[in-house]
Every structure is written in C-alpha cells, then in structure tokens.
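Quick notes on the structure that follows.
Every number in this text was worked out from the coordinates using simple rules, so none of it is lab data. Computed from a predicted model, the values in this text were never measured in an experiment. Neighbour counts run over all protein chains shown; Cβ positions are idealised from the backbone, glycine included.
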Amino acid sequence: MQRFGKIFGGTKPVIAMVHLGALPGTPLYDAAGGVDAIIEGARKDLRALQAAGVDAVMFGNENDRPYEFEVDTASTATMAHVIGVLKSEIKVPFGVNVLWDGMASVALAAATGAAFVREIYTGLYASDMGLWQTNAGKAMRYRSRLQRDDLAMLFNVSAEFAASLDARSLPDRARSAVFSSIPDAILVSGAITGEAPAMSDLGSVKRVLPDTPVLANTGVKAETVGEVLKLADGCIVGSSLKVDGNTWNAVDGDRAARFMAEARKARGH
C-alpha cells in the first residue's frame, strides 16, 4: 500500500494505456514497418496522453493476439527496447504489463525502471487461452531477487477473457488476495478489454477493502469517470481514449483531454 502512495500521492490516479503495436513473432506483427513503426506509434500516443494531463501511463502488448501465458523472449525484449528509446520523453510515472505473463511483466519492470506492474497473480481461471493457473508467490519472490522491492504490483482479480473457477464471491477473492499475497492495489475488470465492470462489483470490493487501493481496470469513459471515482481509488483507461473509442486505434488527444477534464472535476481539482 505504501508503494502505491509513494507513486501517486493522495490523488485518485488516471493511468492511461500506451498499447504497443504487435510485437515481433506474433501473428499481427507488421514486418514491413518493423520495430521503428512500433516506437513511432507509441511515441505519438505517449505525447498525446501526457499533453492531456494523465497521471501515469502503462505500456502493454494488447495487440499480441492470440495471447499466451508464457510470452516469447522477443516480446519482452522488444518492449524493453521501445520503452528505453522513449524513456527520456516519459514525464509521468509509468508501469508495464506483458499479457498474460506475470513473470515477464516483473522482468520488464526491472529492466526499464517501471514504477508499477499489472497482471493476474492470484486465482485459477477457465479462459480463452486455456486453463489459467497463477502464482503470486513466485512473481513476488522474483521481484525481490531482481532487487525491485519498490515495484508496486497491481493485482487484477477479475480476469478478462476468463471465468474464475473459484466458487467464492469476487469480494471474498479480493480480500483473500490482499491477506495472502500483499498486493499494492486491487483491480476490478469487465468481461473483456474496453468493457466496464459492474459498479456493484467495484463497490462491493471497495467495501471489503477500505484500506487497500481499488481501481477500475477496464471500460471507464469520460461519461462515467465521475461515478467510478466516487467508489474507486483510481482507474486504468485505454479504449475510450482512442479514435472512435476503438481499442486498436491511436490515442485521440481531444478524447483524452475531455476524459481528464471530467476526472479532475470528479476529484475536485
């Protein structure tokens, strides 16, 4: 919890996604554009998001469909290269997420100096990718071995593209994760990227975790961010800041600016 506070202070942060283009070795990779095209796309999105006034950014490989639980080394290496090229331009705290590989996410954070990491670290799921078995203990010990005890770990407890095989309620799974695995924040998601979680889910998790940061992880829009921030301690946003609200498009600076105007209004500044 202290790590989250050190990064974001007392604000309810808006963490905006920089979705990298498909990486080398994945089916949608643009070999003609190559890594330079990935860098240029990420640079444009980063600049637009920072100009809009977001509180933090997170680099992710959403375009690497179909997703895997153990990503190719080239994916992590390319992400590290892209972030390294752009690092001098990053003016806000940044995080990373290598879908859906918790260990690779920690490794990438260590390599790039990221302040936080997001992944699915607890639970057992039936998913589009098959049986999804997580290991928080292994990931957090890896963080220690890499001497990144300052790295904040944001645990998504309602995985997209999946259903939990745990019969306990979402609030029970969330408070159990906090007790057993010591995350720095809990994230609540919708069914897939770009879809909002039920407000009842967000509220029920926050009620059982009054002392833990709880963030909305998907589907927040300019029209809903005020309502979301009444319940949650922040949000992660990607799709609604894109051209036409489409996950796979570039960031729309005007949409991002409108979103942040509504967020600031909700936060009272």
Taking LYS206 as the anchor, which aspartates and glutamates have their alpha carbon closer than 12 Å to its alpha carbon, excluding any fewer than eight residues away along the same chain?
-> ASP172, ASP233
Lysines near LYS87 by alpha-carbon distance under 29 Å, same-chain residues fewer than 8 away left out - which ones?
-> LYS6, LYS12, LYS44, LYS138, LYS221, LYS242
Mind listing which GluC sites (Glu not before Pro) in the range 146-230 are in a DSSP loop and have 11 or fewer other Cβ atoms within 10 Å?
-> GLU223
Pull up all non-local amide H partners of PHE59: gap of 5 or more, or a different chain, and H-to-H distance under 5 Å with H placed in the peptide plane.
-> VAL18, GLY95, VAL96, ASN97
What residues have an amide H closer than 5 Å to that of VAL237, excluding those fewer than 5 places away on the same chain, when H is modeled at 1.01 Å from N in the peptide plane?
-> ILE15, ALA16, MET17
Checking rank on 200-213, 38-51, with mean other Cβ inside 10 Å and highest first, the result is 38-51, 200-213
Helix-only CD estimate at 222 nm, as mean residue ellipticity for the chain, using -39500 (n - 2.57) per DSSP H run (n ≥ 4) = -12000 deg cm²/dmol
Euclidean distance of C-alpha centroids, the range 169-194 and the range 75-115, integer Å = 23
Bridge type composition, the chain - antiparallel percent by DSSP, nearest 5 | 25
Rounded to whole Hz and in sequence order, give me ³J(HN,Hα) for the range 217-225 from the Karplus expression 6.51 cos²θ - 1.76 cosθ + 1.60, θ = phi - 60°, writing x for Gly and Pro.
-> 9, 9, x, 7, 10, 4, 6, 10, 4
Cα lying deepest toward the dipole's positive end in the range 8-262, options TYR125, ALA104, PRO171, charges on Cβ | PRO171
In sequence order, calculated HN-Hα J values of the range 105-112 (Karplus, 6.51, -1.76, 1.60; Hz; x Gly/Pro) = 5, 5, 4, 5, 4, 5, 6, 9
Under the classification rounded if a/c is under 1.5, otherwise prolate if a/b is larger than b/c and oblate if not, where does the chain fall, given a ≥ b ≥ c as square roots of the Cα gyration tensor eigenvalues?
-> rounded
